[in-house]
Amino acid sequence: MIELYSDIFAMLRLAKRLHDKSLVDKLPGGFRSLTLDVDYYIELVYNAIDIVFENTCEDYNEENGEGVYVFCDPVIDSFCQLCLQYEQRSHLTEEENPYRKEMEAVICSGFGLCGYNYYCDWRLSANDRGRRRLLFFYGEEFCGLDELPEGLIEIRDGFQRLNLELEKALSGLTKQSATEKEAA
């Protein structure tokens, strides 16, 4: 008989979220290799962190017990390109762009984990060097790793939603400028 631990329900909930977001195919072995067990839940969490965004890297420094995850994805790149176009056409600065403000709120919400000893950051500005990315720093006392996949899914959904909104807004600006040229 299997004892029903809360981790088993958390594992089922995470598996359902991954299935709903069509991320199951990216899991090594899919769900067939998993057993309802606490150890397999931890394995699922680590695998889920790696598959939500296309390019995920982790670096852990054993000397000071700190690590960092770096998340890059074409959906992040698209968001930054669309924001730049929107700012240029609307004559806004990055600070005035409502889509950037909303994305920052989504990122803060997604990384609003119950644990402590972590910090998040992002590089989404045209002034930032390198590829656009999200950063998640954690210390050895961080104990909320199991919440991270859900937060990452929320953030990815936010990027996708705002990309669609930005495309609509840019389309509206194109139509508006065409109408103004005709009127002139």
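Of Leu27, Tyr86, Asn55, which is farthest on the positive side of the dipole of the chain, counting Cα position, with +1 on Lys and Arg Cβ, -1 on Asp and Glu Cβ, and the Cα centre as origin?
About the Cα centre, the residue reaching furthest to the positive side is Tyr86.
Work out the P(r) tail for segment 47-123: percent of alpha carbon pairs separated by more than 19 Å, whole number.
Working: 1447 of 2926 pairs.
Above the 19 Å cut-off, segment 47-123 has 49 percent of its Cα pairs.
Taking +1 at the Cβ of each Lys and Arg and -1 at the Cβ of each Asp and Glu, which of Gly158, Gly115, Ala169 sits farthest along the dipole of segment 69-184 towards its positive end, judged by Cα position relative to the Cα centre?
Ala169
Grab the beta carbon distance between Glu62 and Glu96, set R0 = 25 Å, and tell me the FRET efficiency rounded to 0.05.
For R0 = 25 Å, the calculated efficiency reads 0.05.
Where in the chain is the longest stretch that carries no GluC sites (Glu not before Pro) classed as loop by DSSP and with at most 10 other Cβ atoms within 10 Å?
No qualifying site falls inside 4-61, the longest such stretch.
Find the relative contact order for segment 5-112 and round it to a whole percent, using C-alpha pairs within less than 8 Å whose residues are 6+ positions apart.
Dividing the mean separation by the residue count of segment 5-112 yields 15 percent.
Mind checking the dipole of segment 78-163: about its Cα centre, +1 per Lys or Arg Cβ, -1 per Asp or Glu Cβ, Debye to the nearest 20?
520
Suppose R0 equals 22 Å. What FRET efficiency, 1/(1 + (r/R0)^6) with r the Cβ-Cβ distance, do Ile42 and Tyr119 give to the nearest 0.05?
After rounding to 0.05, the efficiency reads 0.45.
Counting Lys and Arg as +1 and Asp and Glu as -1, each charge on the Cβ, what is the dipole of the chain about the Cα centre in debye, to the nearest 20?
Rounded to the nearest 20 debye, it is 1040 debye.
By average Cβ neighbour count within 10 Å, what is the ranking of 74-86, 8-20, 117-129 from highest down?
Ranked by mean Cβ neighbours within 10 Å, highest first: 74-86, 8-20, 117-129.
Given a 1.4 Å probe and the protein chains all in place, what does the accessible area of Tyr116 round to, in Å² to the nearest 10?
That residue has around 130 Å² of solvent-accessible surface.
List the lysines whose Cα lies under 20 Å from the Cα of Lys101, skipping any in the same chain that are fewer than 8 positions away.
Correct list for Lys101: Lys168.
Between Glu167 and Phe137, what length in nm is gained on full extension when 0.36 nm per residue of separation is reduced by their alpha carbon distance? Kindly include the intermediate steps, with their values, before the conclusion.
Numbers: separation 30, 0.36 × 30 = 10.80 nm, distance 3.17 nm.
Here the segment from Glu167 to Phe137 would lengthen by 7.6 nm.
Subtracting the Cα-Cα distance from 0.36 nm times the residue separation, let me have the gained length for Lys21 to Asp77 in nm, one decimal.
Values: separation 56, 0.36 × 56 = 20.16 nm, distance 1.99 nm.
So the chain would gain 18.2 nm between Lys21 and Asp77.
Under unit Cβ charges (Lys, Arg +1; Asp, Glu -1), what dipole magnitude, rounded to 20 debye, does segment 126-177 have relative to its Cα centre?
Rounded to the nearest 20 debye, it is 640 debye.
In deg cm²/dmol and to the nearest 500, what is the mean residue ellipticity at 222 nm of the chain if only DSSP H runs of at least 4 residues count, each as -39500 (n - 2.57), divided by the residue total?
Details: 5 runs with 96 residues, N = 184.
Mean residue ellipticity at 222 nm (helix-derived): -18000 deg cm²/dmol.
Taking the Cβ of Glu94 as the center, what net charge do the other residues with Cβ under 9 Å away carry, scoring Lys and Arg +1 and Asp and Glu -1?
Spelling it out: positives minus negatives among the neighbours equals -2.
The values are calculated or read from the model by the stated rules, or taken from the named source; none is laboratory data. In this text the structure is predicted, and so the values were computed from the model without any measurement. Neighbour counts are summed over all protein chains in view; Cβ atoms, including those assigned to glycine, are modelled from backbone coordinates with ideal geometry. Protein only, heavy atoms only, side chains kept; ligands, DNA and RNA dropped before computing areas. Shrake-Rupley method; radii C 1.70, N 1.55, O 1.52, S 1.80 Å.
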